Amino acid sequence: MNENASGHILTWVMGFLAAITVILVATTSVLDLVLSDSIRTNKSQLTLNIADAGINYYLWHLSHSGADFQDGNTGGTPIVGGEFNGFYGPYIKDYKDDNGVIAGKYTLYIKPKSVGSTVAVVRAIGETTDSKFRRTVEAEIGAPSFASYGIVGDVALWFGSTEAANGPTHSNVGVRMDGPNTGDVTSSNSTYVPPSSLGGNGTTVRPGVWCNAGINCASRNSTDNNGSWRYPVPAVDFNSITGELCNLKKTAFLSNASTSALAASATACSDVSAARTSAYIPRYQTSFSTTRGYMIELNANGTYNLYGVANEVYNYTNNTNYTNTWQSALTETLIQSNIPTPSGGVIFVEDNVWVRTNTVYSGRVTIASGRLASATEQTNVVIADDIKYSEKTGKDAIGIIAENNVTVAPYAPPRPNDASSNYPFEIDAALIAKDGSVRFTATYLGRDVPYWSDPNKKLLYYGSIASRNVWTWLVSGGDSDGFLYNDTTYDYNLLYAPPPSFPITSTYDILKWREVLVTP
């Protein structure tokens, strides 16, 4: 072999080795890039899983400790200013993998949507142990409350052909729906036997939701209504309100330093030793009477005036001849004026309550009434005058919860013979009668009640109603009593922003979920 041939072979070998080197380097670089990208992808997915674990943790926490937006850290204050203005936190927890090894951590920030709301915005920031990877998830976690319904009853309901069901309507027994409905109408039974007082004859079996009269019924399927009637569905547990009243009492105790220790007591529900605070109002007297207690007058500036009510009377002879207003019907004494609404938004009263606004209320409050230490002395709430919001935007909310009845006093509206300019009579509130009814009654303190039959003199109701027994603005019989004409409208703002600490009907769930793409 000559020298030229040897040189060509060497040159070829070196070129081949160089090419192989380039290919190997390129392949290694690609493999490294793919591996690095895979690692980054896995780490990124891990941090998303960690953040989502934080959301799921707080879903679990709220399901066991409803309305706790401080991760068990009572007495905290929300952050002021910056991206997390109004949030509680940060609450930091380790995240462990399936082998129990710490793979990262998540940081929680929690913000209730409104004072005492059953819905919270939860932001969870997930990151790896080396803090090089981070992703953020934000979710709304909430539970439906009794204010999720326009009307919910533990008794059969009957809407006449001139009455509309506005908003979600539910009965644990059954519904005769002769009027129109704007939301779902549901029953917990597939069939039921409606009594004669509630649209049936006491013997004929009817579907869970049905209609039998009126133009609305004639123009639709009498048992389906194009899918907005559903039955059977799960029942709404009115018995749970007993425990919720106890929780409201504890919330009231926690609102003031002088009573906060009582909230943790095993006898908190039955404790009647506490002195009056802005959030807790003790018994008016040791002995119980349905004609005495307190009047709460809600003011336009978000405060309230408190009166002691020593007695209630009702003088009435016929539809046009009676003199009572709330001032003359109640023997009341001013206890304190311009009391700030408690920070927790709950006023718990250990006695009967009369309620009115002066002349509107601006704010969010729940007034709960109950003598929890006694099973036989159940308290009532009486609507003594108009109850009005300053605006109907969701900013204002009034919750009223009675152990027994929520009753509209016959002296609350203007007299039937008053000028139409004094109407409508208005009630803006979410009402719960735990063991009784929300209604006008056929008699009040042993006397007949008026009959408002003029279409220009109507009741305007805006809110939500939960009634264990009968709900009605009009009592029919030998004599009619109450409002023949009424506009009963569901406040859809209450769906996810009910009054503070309002009793819930179901477990917490994730309502909304999104990834926050800009890392804080």
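The values are calculated or read from the model by the stated rules, or taken from the named source; none is laboratory data. Only a predicted model underlies this, so the values are computations on that prediction, with no experimental measurement involved. Cβ placement follows ideal geometry from the backbone for every residue including glycine, while neighbour counts extend to all protein chains displayed. Just the protein is used for accessible areas: all its heavy atoms, side chains included, with ligands, DNA and RNA removed. Shrake-Rupley method; radii C 1.70, N 1.55, O 1.52, S 1.80 Å.
Output the residue which, of all residues in the range 413-429 that are closer than 25 Å to Ala368 by Cα and surrounded by fewer than 24 Cβ atoms within 10 Å (Cβ to Cβ), is farthest from the chain's Cα centre (by Cα). Walk me through how you get there before you give the answer.
Step one: list which residues in the range 413-429 are closer than 25 Å to Ala368 by Cα, which gives 413, 425-429.
Checking the rest, the ones that are also surrounded by fewer than 24 Cβ atoms within 10 Å (Cβ to Cβ) come to 425-426, 428.
Working: Phe425: 25, Glu426: 21, Asp428: 15 Å.
Among those residues, the one meeting the criterion is Phe425.
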Quiz prompt | Residue match in the range 99-115 (condition: open to solvent by 70 Å² or more (accessible area, probe 1.4 Å), part of a strand (DSSP E or B) and touching a Pro at 6+ places or on another chain (Cβ under 9 Å)) | solution = yes
Quiz item: Taking the range 164-204 as the search range and keeping residues that are in contact with a Leu (Cβ under 9 Å, 6 or more places away or on another chain) and in a loop (DSSP other than H, G, I, E, B), which one is surrounded by the most Cβ atoms within 10 Å (Cβ to Cβ)?
Solution: Gly174
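Across the range 163-181, which residue is nearest to Ser117 (Cα to Cα) among those that are polar (S, T, N, Q) and touching a residue at least 60 places away in the same chain (Cβ under 8 Å)? Quick ask: steps written out before the conclusion?
Filtering the range 163-181 down to residues polar (S, T, N, Q) leaves 166, 169, 171-172, 181.
In the following step, the residues that additionally are touching a residue at least 60 places away in the same chain (Cβ under 8 Å) were identified as 166, 172.
Numbers: Asn166: 23, Asn172: 25 Å.
Here the answer is Asn166.
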Self-check item: strands (runs of 3 or more DSSP E) completely within the range 424-520 that count 2 or more residues being at pLDDT below 90, farther than 30 Å from Thr136 by Cβ and among the aromatic types (Phe, Trp, Tyr)
Solution: none
Quiz item: Considering only the range 346-395, how many residues are buried (at least 24 other Cβ atoms within 10 Å of the Cβ), among the small types (Gly, Ala, Ser) and touching a Ser or Thr at 6+ places or on another chain (Cβ under 6 Å)?
Solution: 2
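Open to solvent by less than 40 Å² (accessible area, probe 1.4 Å) and either touching a helix residue (DSSP H, G or I) at 6+ places or on another chain (Cβ under 8 Å) or among the charged types (D, E, K, R) (or both), is that true of Ser437? Outline the logic, then answer.
Values: open to solvent by less than 40 Å² (accessible area, probe 1.4 Å): yes; either touching a helix residue (DSSP H, G or I) at 6+ places or on another chain (Cβ under 8 Å) or among the charged types (D, E, K, R) (or both): no.
So Ser437 fails the test.
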Quiz item: In the range 331-345, what residues are among the aliphatic types (A, V, I, L, M) and either touching a Cys at 6+ places or on another chain (Cβ under 9 Å) or open to solvent by 10 Å² or more (accessible area, probe 1.4 Å) (or both)?
Solution: Leu334, Ile335
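Of all residues in the range 56-76, count the ones that are free of Cβ contacts under 8 Å to residues at least 12 places away in the same chain and either buried (at least 17 other Cβ atoms within 10 Å of the Cβ) or under 17 Å from Thr107 (Cα atoms) (or both). Before you say what the answer is, go through the steps one by one.
So the first thing to find is which residues in the range 56-76 are free of Cβ contacts under 8 Å to residues at least 12 places away in the same chain, and the list is 56, 60-61, 64-65, 68, 72, 75.
Still in the running and either buried (at least 17 other Cβ atoms within 10 Å of the Cβ) or under 17 Å from Thr107 (Cα atoms) (or both): 56, 60-61, 68, 72.
Residues flagged as free of Cβ contacts under 8 Å to residues at least 12 places away in the same chain and either buried (at least 17 other Cβ atoms within 10 Å of the Cβ) or under 17 Å from Thr107 (Cα atoms) (or both) within the range 56-76 amount to 5.
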Self-check item: Residue check for Leu431: on the phi > 0 side of the Ramachandran plot and in contact with a Ser or Thr (Cβ under 9 Å, 6 or more places away or on another chain)
Solution: no
Quiz prompt | Subset tally (residues that are small (Gly, Ala, Ser) and crowded, with 16+ Cβ neighbours inside 10 Å) for the range 77-98 | solution = 1
Practice problem: Taking the residues in the range 131-154 that are open to solvent by less than 30 Å² (accessible area, probe 1.4 Å) and in a loop (DSSP other than H, G, I, E, B) as candidates, determine which candidate is modelled with the lowest pLDDT. | Solution: Ala143
Quiz item: Somewhere in the range 76-95, is a residue at pLDDT 90 or above, assigned to a loop (DSSP other than H, G, I, E, B) and among the aromatic types (Phe, Trp, Tyr)?
Solution: yes
Quiz item: Can you tell which of Leu494, Leu460, Leu445 is surrounded by 22 or more Cβ atoms within 10 Å (Cβ to Cβ) and under 27 Å from Ile347 (Cβ atoms)?
Solution: Leu494
Quiz item: How do the pairs read when you match residues in the range 392-403 that are closer than 22 Å to Cys246 by Cβ and in a loop (DSSP other than H, G, I, E, B) with residues anywhere that are open to solvent by less than 10 Å² (accessible area, probe 1.4 Å) and aliphatic (A, V, I, L, M), using Cβ under 8 Å and keeping only pairs 6 or more apart or on different chains?
Solution: Glu403/Leu245
Self-check item: Test result for Glu127, over 17 Å from Asp71 (Cα atoms), part of a strand (DSSP E or B) and of a type in the set (Asp, Glu)
Solution: yes
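Any chance the range 305-312 includes a residue that's farther than 19 Å from Thr379 by Cβ, modelled with pLDDT of 90 or more and part of a loop (DSSP other than H, G, I, E, B)? First the steps, then the outcome.
If we filter the range 305-312 for residues that are farther than 19 Å from Thr379 by Cβ, which is where we start, we get 305.
Subsequent filtering for residues that are modelled with pLDDT of 90 or more retains 305.
With part of a loop (DSSP other than H, G, I, E, B) added as a condition, the list becomes none.
No, there is no match, as no residue in the range 305-312 is farther than 19 Å from Thr379 by Cβ, modelled with pLDDT of 90 or more and part of a loop (DSSP other than H, G, I, E, B).
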Quiz item: Can you name the condition, by its number, that Arg276 falls short on among (1) over 25 Å from the mean Cα position of the chain (by Cα); (2) assigned to a loop (DSSP other than H, G, I, E, B); (3) more than 27 Å from Ile383 (Cβ to Cβ)?
Solution: (3)
Quiz item: If you check Thr357, Thr376, which single one turns out to be part of a strand (DSSP E or B) and of a type outside the set (Gly, Ala, Ser)?
Solution: Thr357
Quiz prompt | Meets criteria (among the small types (Gly, Ala, Ser) and without any contact (Cβ under 8 Å) to a residue 40 or more places away in the chain) for Gly142 | solution = no
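Consider the range 279-304. How many of its residues are among the hydrophobic types (A, V, I, L, M, F, W, C), in a loop (DSSP other than H, G, I, E, B) and buried (at least 16 other Cβ atoms within 10 Å of the Cβ)? If you could, list the steps in order and put the result at the bottom.
Quick first cut of the range 279-304, residues among the hydrophobic types (A, V, I, L, M, F, W, C) only: 279, 281, 288, 295-296, 298, 300.
From the residues that got through so far, the ones that are in a loop (DSSP other than H, G, I, E, B) too are 279, 288, 300.
Those still in the list that are buried (at least 16 other Cβ atoms within 10 Å of the Cβ) too: 279, 288.
Looking only at that region, the number is 2.
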